[in-house]
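What follows is one structure encoded as structure tokens, with my remarks underneath.
Every number in this text was worked out from the coordinates using simple rules, so none of it is lab data. In this text the structure is predicted, and so the values were computed from the model without any measurement. No Cβ is skipped: glycine too gets one built from the backbone with ideal geometry, and neighbour counts run over all protein chains shown.
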Amino acid sequence: MMKKQPDEQLPQNTEETLDGAAAAAGEGVEEVYLTDESTLAERGKPDAAEDSADFNFVNVDSRADASGQEQSSQPASADVDDDTPVVFSERSSHSHSHSHSHSHSHSHSHSHSHSHSHSHSHSGSSHHSSGSSDGQTQHRRRRRRRKRKMKTWKKVLLIVISSILALALALGGVFLYLKNKGREELFDSSLNVIVPDTMQAEVQDDGDYIVYNGRTYQYNKDITSIMFIGIDKDFDEENEQGTGGQADVLVLMAVDTKNHKMSMLAIPRDTYSEVALYSPSGHYSGMKDMQVCMAYAYGDGKDTSCENTISSVRRLFYNIPIKTYYALDLSGIAAINDSVGGVNVVSPETIQMFTEGESYHLEGKEAEHFVRLRDKDRVDASLLRLERQKVYTKGFISNMMSSIKQDITSAVRVFNDSAPYSVTNLNASKVSFLATELVTGGSLDTEMKTIPGKMRLDNGLARYDIDEDAFFEQFLNTFYEPMV
């Protein structure tokens, strides 16, 4: 026979025990505060005999007596004062199951239900107090985590900024070094200008000053000269000597970094000058007055050919310093032409597929034909071709400068595209200086002129005779400045 269980007694420390029970069974409790009795009445009052009820109304301010005596089993809403907040507590499935398991008898169930209601009243208040304390603790922990995250983020940002500044300073230092080194390599302060006595000009301080026709001119030390050489290795003239090819295009570029100006002086290939002769093994065999284009042939087809050509051009230009050269095999014209998107030209003459006065957008081999074609039956054929080369050069430089302004690396692309066809002593330091002075200095004032003279036949060969007086004035206006 099953024995009747004795009535459960509340522990002496009722609040501590009930708080523990609330912590075990009160997880997931959703609390809603009501202050209006009419709202409470609409929800309905719980039936004491229905242990399976999902809702219970509990007075937040109710507390157990210190003596442990049970309070009245009246519904909590009957004692609610208008201003007393009421907790509308939704029990979890665990709490509902616990209430049902203790309904062995009406008396015990009522007593247990009352006790459970009593304890739930305490658990509501305790849970609210504990929840508030836990919330404050979690809030403090979140604030500490945010502070730690903020400090970490600031440290990372500081490291990144410091690294960028250090890299910028390093790169700036390298670029400044290259720029200063480039200036030293491009400019030559030592002069040894030699002017023939027939010019009736007085040279002072080795060429720093020249007195001519009653005026004094001072050498512009902000000018650097670059020799551009267009090489033709497919020559077939009977009297040509040497093995390096010949210079069909000769342009001396005077770059004035102070006045942001570039003067290009085209030298006809048939201009006569003294040329140093060398054997194929490199043995010097003397000097000869001949077409300046042949100076390139007496060399290795690379650096020594460029240096020999510069020596002959310097003799024409009164021994002016020329320290930089860039030689391009004309078969590479197509490649560098397309690297700038092609070149627009207006043909100055009618020859083969080109008609005088017509506009053309040159691409690929068309550009090469435009600058290389020559009518060998005409004595002035090289001069007419030179005019086409000048037109093309202006168009190419215009396109290239536009490309550089949009993308400064385009200059590197053109340089790389021409590398298989070129020989040069341009280096990173020289390019750094020129790019800084020309590209970043605004628009570049460019002019291209042909040195003055006349073409004639000499023993069946074309010969270009320079007009010395006109040329000397052109020389002074390009490399010197008149003193007031």
Exercise. Residue-wise, which Karplus ³J(HN,Hα) couplings in Hz belong to the stretch 424-432, taking 6.51 cos²θ - 1.76 cosθ + 1.60, θ = phi - 60°, and x for glycine or proline?
Worked result: 7, 10, 5, 9, 4, 5, 5, 5, 4
For this session: Report ³J(HN,Hα) in whole Hz for each residue of the stretch 446-462, in order, from the Karplus equation J = 6.51 cos²θ - 1.76 cosθ + 1.60 where θ = phi - 60°; Gly and Pro get x.
Result: 10, 9, 10, 10, 9, 4, x, x, 9, 9, 8, 8, 9, 6, x, 10, 6
Seminar exercise, completed: Residues whose built amide H sits under 5 Å from the amide H of Leu250, excluding neighbours closer than 5 in sequence, are Gly230, Ile267
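Once the Cα gyration tensor of the stretch 187-482 is found, what semi-axes does its equivalent ellipsoid get, as square roots of 5 times the eigenvalues, in whole Å, sorted largest first?
Semi-axes from the Cα gyration tensor: 28, 25, 20 Å.
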Problem set entry | Length released on extending from Lys302 to Ser281, taking residue separation times 0.36 nm less the Cα-Cα span | 6.1 nm
For this session: Please order Arg269, Arg374 by the number of other Cβ within 10 Å, starting at the fewest.
Result: Arg374, Arg269
Problem set entry | Three-way shape call for the stretch 284-438 based on the alpha-carbon gyration tensor, with the a/c threshold at 1.5 | oblate
